[in-house]
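Trainee: Let me give you the structure first, and then I'll get to my questions.
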Amino acid sequence: MVGEVHDPRAYALGGVAGHAGLFSDIDDLSRFCRMLLHGGALDGVRVLKEQTYQSMIEPRRLPDGTGCRGYGFDIDTPYSGCRGDRFERGVTYGHTGFTGTMFWVDPVNQCYVILLTNSVHPDGKGDVRKLRHDVATVVAEALLGKLPETRPSSGPATNRAAFVKPQAAVLCGIDVLEEEKFAPLRGKRVALVTNHTGMDASGRRTVDVLSSAPEVKLTKLFSPEHGLYGLVDAKVDDTVDPKTGLHVYSLYGKTEHPSAEMLKDVDAIVYDIQDVGARYYTYTTTMGYCMQAAASAKIPIFVLDRPNPVTGLIVDGPVADEKALNFIAFAPIPVSHGMTHGELARMFNQERGIHCDLHVVEMKGWKRWMWWDDTGRMWVNPSPNMRNPNQALLYLGVGLLEGANVSVGRGTDQPFEIFGAPWIDGRKLAAALNASDIAGLRFVPITFTPTSSKFSGKTCEGCFVEVIDRTAVEPVRAGVRIVATLRELFGKAFEIQGVGRLMRNEKALKELESGEDVDKVVRDWKDGLKQFQAQRAKYLLY
């Protein structure tokens, strides 16, 4: 096949086929990679618009919720083995060819690797996958070991900081509102739904920002679960904010819904609370209830958007059954929805038929690939037992155990990073979970004694969950694997039915109860997930 395309399918189609990539020689490919590293320009010539380049490398989940591609390149799929062990997952990108060609680009550290081989010569039975992986690893080890500590000032914009953190913080909705000098709220009497996470980039409470805003009259406060200061792990009573003297209506006490009486003499509702990206985190439902109240009162609601701390890319888990919706499942969405509160509000407003006068004040500078530490924002515990971003990631899986007879670490210093029970053999469980090769996680046997909550004062055995590669973690699948392993190892001692309290999906729970293979459980929730993905795409803002 001299002078002909070597991909056999493309060859059979006369040499032209949409699936077949195009590779030239090493010099041409080097110029191409350098053009990408310069954001679409080379030697002073603009080849691709900056917007086009950014669109090509923006990570996007595949329709089934797995893997990640850009419009132009492979980012994180089963074909990404040529990334090797050092180029960061979800940040670097590249392209491969059936015949053994590949290049991989690191836009943060300004380097790339190209390998041109011919795996179809002479008999079409060659396999260069391991070779590509090993070469990329060796090259990355050599290049990254020689990199400067900071990115060159002349470097291009990149899709994510892998080794160098961004210099500027993401601006949340409240910061943007301040930039706009509160124009949308001028002349309005405002009720603010918030807690301690509602603060601007300088650390001022949204309560104080709005109470001192010109031509804005802050009249009432509403607080979600855990109260205005995020400290209460029980039902919350109404109170008074000591600094402003404003009445604080609890939406996690005698009622969960703002009443018509509460909204009397209110011209607008403002919602500003930090979420963690899990369907069963109740702040999401509180927002939905406030939207319904705004629709009934015929007043606008302004949702001040904030980052999803575990990125906007993790979309996984069973979709909640319509008949199972409640305070920990406002809508039929998966356990991990991969959306911001502003995006969820847009979806709820249309898909749940709320039709309130909704205004989302969008963030500036936030990208879907960003983890919390990429945002430049200070971490504030959104609730008493959510103490760091790793716990937010693990909560998507370990949190499923809360309804069962398992401690998830409440009453310890490491909630959601540890789990166990008096009836568990920690060594046996850790060995089984590690043998399952759960992506991105390792399990260490541990004993602990909670001082409150489930099994308070009792010695528990279980596991500490170590996150060794957060970009590889599939948290909901991991949680389901933990559930299945507990059932397999400990039988009826594990009250598996309680998992349904947060899972909210009858089919998935029944499959786990019957001992169905985890891979089948995951496959069976994919249809619902695909439908959600299609619905979700209409409401994304970033």
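Trainee: Which residues, counting only those in the range 368-389, are at pLDDT 95 or above and either within 15 Å of HIS226 (Cβ to Cβ) or part of a helix (DSSP H, G or I) (or both)?
Mentor: TRP372, VAL380, ASN381, PRO382, SER383, PRO384, ASN385, MET386, ARG387, PRO389
Trainee: Can you confirm whether GLY338 is crowded, with 22+ Cβ neighbours inside 10 Å, out of contact with any Cys (no Cβ under 8 Å at 6 or more places or on another chain), outside the structural domain of LEU394 (by TED's automatic domain parsing) and on the phi > 0 side of the Ramachandran plot?
Mentor: The answer is yes for GLY338.
Trainee: Is the range 390-407 home to any residue that is within 20 Å of HIS226 (Cβ to Cβ) and aromatic (Phe, Trp, Tyr)?
Mentor: yes
Trainee: Keeping to the range 40-53, report how many residues are in contact with a Gly (Cβ under 8 Å, 6 or more places away or on another chain) and of a type outside the set (A, V, I, L, M, F, W, C).
Mentor: 5
Trainee: List pairs: first residue in the range 320-346 and assigned to a loop (DSSP other than H, G, I, E, B), second residue among the acidic types (Asp, Glu) anywhere in the structure, Cβ distance under 6 angstrom, at least six positions apart or on different chains.
Mentor: Matching pairs, first to second residue: ASP321/GLU506; PRO332/GLU322; THR340/ASP305.
For (1) farther than 26 Å from ALA268 by Cβ; (2) not β-branched (Val, Ile, Thr), each residue gets a yes or a no:
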position	(1), (2)
ILE314	yes, no
LEU325	yes, yes
VAL335	yes, no
THR340	no, no
ASN349	no, yes
HIS355	no, yes
GLU362	no, yes
ASP374	yes, yes
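Trainee: Another question about this same structure. Can you work out which of the residues in the range 306-356 that are in contact with a strand residue (DSSP E or B) (Cβ under 7 Å, 6 or more places away or on another chain) and among the charged types (D, E, K, R) is modelled with the highest pLDDT?
Mentor: Only one residue tops the list, namely ARG346.
Trainee: Okay, moving on. Within the range 454-476, is there a residue that is under 23 Å from the mean Cα position of the chain (by Cα), assigned to a helix (DSSP H, G or I) and buried (at least 19 other Cβ atoms within 10 Å of the Cβ)?
Mentor: Yes, the range 454-476 contains a residue that is under 23 Å from the mean Cα position of the chain (by Cα), assigned to a helix (DSSP H, G or I) and buried (at least 19 other Cβ atoms within 10 Å of the Cβ).
Trainee: Out of curiosity, is ARG442 within 16 Å of LEU394 (Cβ to Cβ) and assigned to a strand (DSSP E or B)?
Mentor: The answer is yes for ARG442.
Trainee: From the list PHE23, PHE87, PHE32, pick out the single residue that is buried (at least 16 other Cβ atoms within 10 Å of the Cβ), assigned by TED's automatic domain parsing to the domain that holds ALA136, farther than 29 Å from ARG368 by Cα and aromatic (Phe, Trp, Tyr).
Mentor: PHE23
Trainee: Right, something else. Out of (1) more than 25 Å from GLN274 (Cα to Cα); (2) modelled with pLDDT of 95 or more; (3) out of contact with any helix residue (DSSP H, G or I) (no Cβ under 8 Å at 6 or more places or on another chain), the odd one out for TRP423 is which?
Mentor: All conditions are met except number (3).
Trainee: Moving to a separate point now. When you look at VAL193, is it of a type in the set (Val, Ile, Thr), buried (at least 17 other Cβ atoms within 10 Å of the Cβ) and over 21 Å from ASP357 (Cα atoms), yes or no?
Mentor: In short, no.
Trainee: Please work out which one of (1) under 21 Å from ASP233 (Cβ atoms); (2) over 16 Å from the mean Cα position of the chain (by Cα); (3) crowded, with 24+ Cβ neighbours inside 10 Å is the condition VAL270 fails and give its number.
Mentor: (1)
Trainee: Yes or no: THR96 modelled with pLDDT of 85 or more and surrounded by fewer than 15 Cβ atoms within 10 Å (Cβ to Cβ)?
Mentor: Here the answer is no, as THR96 does not meet what is asked.
The values are calculated or read from the model by the stated rules, or taken from the named source; none is laboratory data. Quick caveat: nothing in here was measured; it's all calculated off a predicted structure. Please note: Cβ atoms are built from the backbone with ideal geometry, for glycine as well, and neighbour counts cover all protein chains shown.
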